[in-house]
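For reference, the structure is listed below as structure tokens.
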Amino acid sequence: MTAVESRPAGVLVENPGHRPFGARAKAFVALTKPRVIELLLMTTVPVMFLAAEGVPNLWLVLATCVGGYLSAGGAGAYNMYIDRDIDAMMDRTSQRPLVTGMVSPRECLAFATVLTIGSTVWFWTLVNPLSAVLSLGASLFYVVVYTMILKRRTAQNIVWGGIAGCMPVIIGWSAVKNEVSWASLILFLVIFFWTPPHYWPLSMKVKDDYERVGVPMLPVVAGNKAVAKQIVLYSWVMVAVSLLLQPLGYTGWFYTLVAVACGYLWLKEAHALQARAKAGVTGAKLKEMRLFHWSITYVSLLFTAVAIDPFLR
């Protein structure tokens with residue numbers, strides 16, 4: 001039986017015994033939260049196409065993606081270091097590397113620090129100083145403001161903490177233009193208003209986990225009706241903001257068509273969730289994860305349209 005299999009619930013493994021090299025390597029990769037980084041890069045690269053009004057310098061795209069992975073990976077590792085106590089008590093996070101003991105807290109802290117410093121130097125030397133400052137600022141915001149200050153204190157944690165996840169669109173634009181523009185700020189706001197209705201359905205699904213560890217996610221402190229109402233409000237604002245690019249002259253008909261179609265489907269799903277919540281539906285029949293999964297498809301399609309649109313104008 002392995003150390004992970006024998007770990008009592010809610011207990012951090014300090015010395016797991018034998019730690020195979022392959023498993024250790026996978027554990028260090030897991031510290032960077034690669035699935036989250038996928039979403040971040042999915043918004044970074046299309047914005048670079050929009051900023052370049054075509055195909056950007058491919059070396060610059062690669063350098064920005066590598067720097068973005070290092071930066072976000074370091075922030076993710078810091079997050080796991082700080083949250084290792086509650087991660088041990090939550091089903092969703094019970095197999096994270098610090099919980100199982102595959103990586104020690106000291107190793108994790110050193111790893112996070114190396115990635116953060118390395119990403120800042122990388123951006124500064126291979127992209128530009130503005131992108132380096134924005135990247136470091138995003139990391140510090142996620143680690144200090146969200147993880148250390150907001151997450152365990154307020155139900156608005158994901159709203160304001162989500163600012164860090166909005167920064168890749170500005171970094172992508174600044175990498176190409178060496179400036180911040182209204183286009184990047186509009187897309188920043190799209191992700192800002194997207195984040196709560198993207199994450200709250202997942203929080204509804206794992207509400208018991210958050211309640212057990214005392215993290216006041218909105219579904220923990222408010223009923224499903226109140227959460228669904230907030231999801232609908234944020235969704236309407238998100239869709240409205242996404243349509244600002246065309247009248248300001250940054251995009252053409254193709255992006256607008258995709259934004260309208262995807263926004264319609266999003267709002268339809270959000271209102272359906274609200275209707276089920278109002279009817280008192282609970283458990284599997286609430287189908288809150290439908291919106292969560294659609295939210296990933298939505299942002300993928302919207303930002304693909306951002307990248308394609310310059311070629312159709």
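The values are calculated or read from the model by the stated rules, or taken from the named source; none is laboratory data. None of the values given here were measured: they were computed from a predicted structure. Cβ sites come from the backbone with ideal geometry, for glycine too, and all protein chains shown count toward neighbours. Ligands, DNA and RNA are stripped out before the accessible areas are found, and what is left, the full protein with its side chains, is counted by its heavy atoms. Shrake-Rupley method; radii C 1.70, N 1.55, O 1.52, S 1.80 Å.
Output yes when any residue across segment 246-260 is touching a Phe, Trp or Tyr at 6+ places or on another chain (Cβ under 8 Å), in a helix (DSSP H, G or I), of a type outside the set (Ser, Thr, Tyr) and open to solvent by 50 Å² or more (accessible area, probe 1.4 Å), and no when none is.
no
Determine whether segment 207-225 contains at least one residue that is open to solvent by less than 10 Å² (accessible area, probe 1.4 Å), of a type outside the set (Phe, Trp, Tyr), in contact with a Leu (Cβ under 9 Å, 6 or more places away or on another chain) and modelled with pLDDT under 95.
Scanning segment 207-225 turns up no residue that is open to solvent by less than 10 Å² (accessible area, probe 1.4 Å), of a type outside the set (Phe, Trp, Tyr), in contact with a Leu (Cβ under 9 Å, 6 or more places away or on another chain) and modelled with pLDDT under 95.
Which residue is most open to solvent (accessible area, probe 1.4 Å), if the candidates are limited to segment 270-304 and must be of a type in the set (Gly, Ala, Ser) and within 23 Å of the chain's Cα centre (by Cα)?
Ser300
Considering only residues of segment 275-289 that are among the aliphatic types (A, V, I, L, M) and outside any helix (DSSP H, G or I), which is nearest to Met204 (Cα to Cα)?
Val281
To keep it simple, each residue is scored yes or no on (1) farther than 19 Å from Tyr199 by Cα; (2) among the β-branched types (Val, Ile, Thr).
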residue	(1), (2)
Val114	yes, yes
Thr120	yes, yes
Phe123	yes, no
Val127	yes, yes
Ala132	yes, no
Phe141	no, no
Arg152	no, no
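Pick from segment 114-134 the residues that are aliphatic (A, V, I, L, M) and surrounded by fewer than 17 Cβ atoms within 10 Å (Cβ to Cβ): which of them is farthest from Lys26 (Cα to Cα)?
For segment 114-134, the residue satisfying everything is Val133.
Name the helices (runs of 4 or more DSSP H) wholly inside segment 16-113 in which the number of residues that are open to solvent by less than 30 Å² (accessible area, probe 1.4 Å), of a type in the set (A, V, I, L, M, F, W, C) and touching a helix residue (DSSP H, G or I) at 6+ places or on another chain (Cβ under 8 Å) is 3 or more.
In segment 16-113, the matching helices (runs of 4 or more DSSP H) lie at 34-52, 58-82.
For segment 135-189, enumerate the residues that are at pLDDT below 95, open to solvent by 10 Å² or more (accessible area, probe 1.4 Å), small (Gly, Ala, Ser) and part of a helix (DSSP H, G or I).
Matches in segment 135-189: Ala164, Gly165.
Look at Leu233 and say whether it is at pLDDT 95 or above, under 26 Å from Arg35 (Cα atoms) and surrounded by fewer than 17 Cβ atoms within 10 Å (Cβ to Cβ).
Spelling it out, it is not the case that Leu233 is at pLDDT 95 or above, under 26 Å from Arg35 (Cα atoms) and surrounded by fewer than 17 Cβ atoms within 10 Å (Cβ to Cβ).
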